[in-house]
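Novice: Encoded as structure tokens, here's the structure I'll be asking about.
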Amino acid sequence: MATTEHDTAEHIMRGRDGHGLLRFLEERPELDHLRIELVQDKIVMRRSGSPFRTCTVALLGSQMERAGWAGLSGQALISGVPGSEPKADLVVTTDEAMQDNCHPYPADRVHLVVEVVERVVSERDSDYAGKRRWYARSRIPLHLLVDPDEGAVELHSQPGDLDYGRVDRYRFGDPVPLPEPFSFAVDTMRFKPYPPKLP
């Protein structure tokens with residue numbers, strides 16, 4: 001949808017859900033530096049990630065690519081679960097599944113979704129709870145949550161109606177074994193914990 005200077009959020013939203021406002025905001029050039037997503041019926045805008053966070057996403061993406069998977073960084077997802085259109089840090093799928101270049105990307109084509117937690121409290125809450133539950137309800141088989149504040153990794157599996165049924169916890173430096181169809185372990189040796197916060 002093309003927008004003009006006279007369009008307002010109220011005009012765009014009249015008779016629509018949050019997806020209309022999301023499309024409107026994504027088209028604003030003055031917001032290009034922000035990552036804009038819909039999480040639990042709320043628009044969430046985040047600045048670009050810190051170098052450690054960006055590096056962790058890149059390391060995970062390269063491991064997936066080497067193993068024959070397609071890694072989509074910052075990809076918007078959609079499913080039949082209403083109220084959200086999250087942009088995962090990394091979406092893992094197959095080259096065949098994305099041949100039609102569908103955007104937002106259907107969650108039922110995703111095998112693994114990755115979130116690397118930010119330091120900001122509201123973003124941590126979003127990553128830990130709202131997005132994780134949406135991924136589970138959308139039946140994404142695996143959710144890898146990387147927390148550089150804690151130097152920890154959680155692998156969530158067995159998606160259900162409310163949340164994932166299983167969580168396996170690891171520390172930075174531990175291999176994180178991924179089940180079928182991956183059958184390899186994520187190498188976390190180069191993941192960097194965030195430096196201590198200044199008093």
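Novice: Give the residue that is modelled with the lowest pLDDT, with candidates limited to residues of region 70-101 that are in a strand (DSSP E or B) and β-branched (Val, Ile, Thr).
Specialist: ILE78
Novice: Can we say GLU118 is in contact (Cβ under 8 Å) with a residue 60 or more places away in the chain and not in a helix (DSSP H, G or I)?
Specialist: So GLU118 fits the description; yes.
Novice: Answer yes or no: is there a residue in region 162-170 that is under 22 Å from GLU65 (Cβ atoms) and either out of contact with any helix residue (DSSP H, G or I) (no Cβ under 6 Å at 6 or more places or on another chain) or in a loop (DSSP other than H, G, I, E, B) (or both).
Specialist: Checked against the condition, which is being under 22 Å from GLU65 (Cβ atoms) and either out of contact with any helix residue (DSSP H, G or I) (no Cβ under 6 Å at 6 or more places or on another chain) or in a loop (DSSP other than H, G, I, E, B) (or both), region 162-170 yields at least one hit.
Novice: Right, next: When PRO196 is evaluated against the numbered criteria (1) within 16 Å of PHE52 (Cβ to Cβ); (2) assigned to a loop (DSSP other than H, G, I, E, B); (3) touching a strand residue (DSSP E or B) at 6+ places or on another chain (Cβ under 9 Å), which criterion, by number, is the only one it fails?
Specialist: Going through (1) within 16 Å of PHE52 (Cβ to Cβ); (2) assigned to a loop (DSSP other than H, G, I, E, B); (3) touching a strand residue (DSSP E or B) at 6+ places or on another chain (Cβ under 9 Å) one by one, PRO196 breaks only (3).
Novice: Related question: Yes or no: GLU154 modelled with pLDDT of 95 or more, of a type outside the set (Gly, Ala, Ser) and open to solvent by less than 70 Å² (accessible area, probe 1.4 Å)?
Specialist: Yes.
Novice: Which ones in region 61-78 are at negative phi and open to solvent by 40 Å² or more (accessible area, probe 1.4 Å)?
Specialist: The answer is SER62, GLU65, ARG66, ALA67, SER73, ILE78.
Novice: In region 178-185, is there at least one residue being buried (at least 18 other Cβ atoms within 10 Å of the Cβ), of a type outside the set (Phe, Trp, Tyr) and closer than 23 Å to SER79 by Cα?
Specialist: no
The values are calculated or read from the model by the stated rules, or taken from the named source; none is laboratory data. None of these values were measured; they are calculated from a predicted model. In this analysis, Cβ positions are derived from the backbone assuming ideal geometry, glycine residues included, and neighbour counts consider all displayed protein chains. Accessible surface is based on the protein model in full, side chains and every heavy atom, while ligands, DNA and RNA are left aside. Shrake-Rupley method; radii C 1.70, N 1.55, O 1.52, S 1.80 Å.
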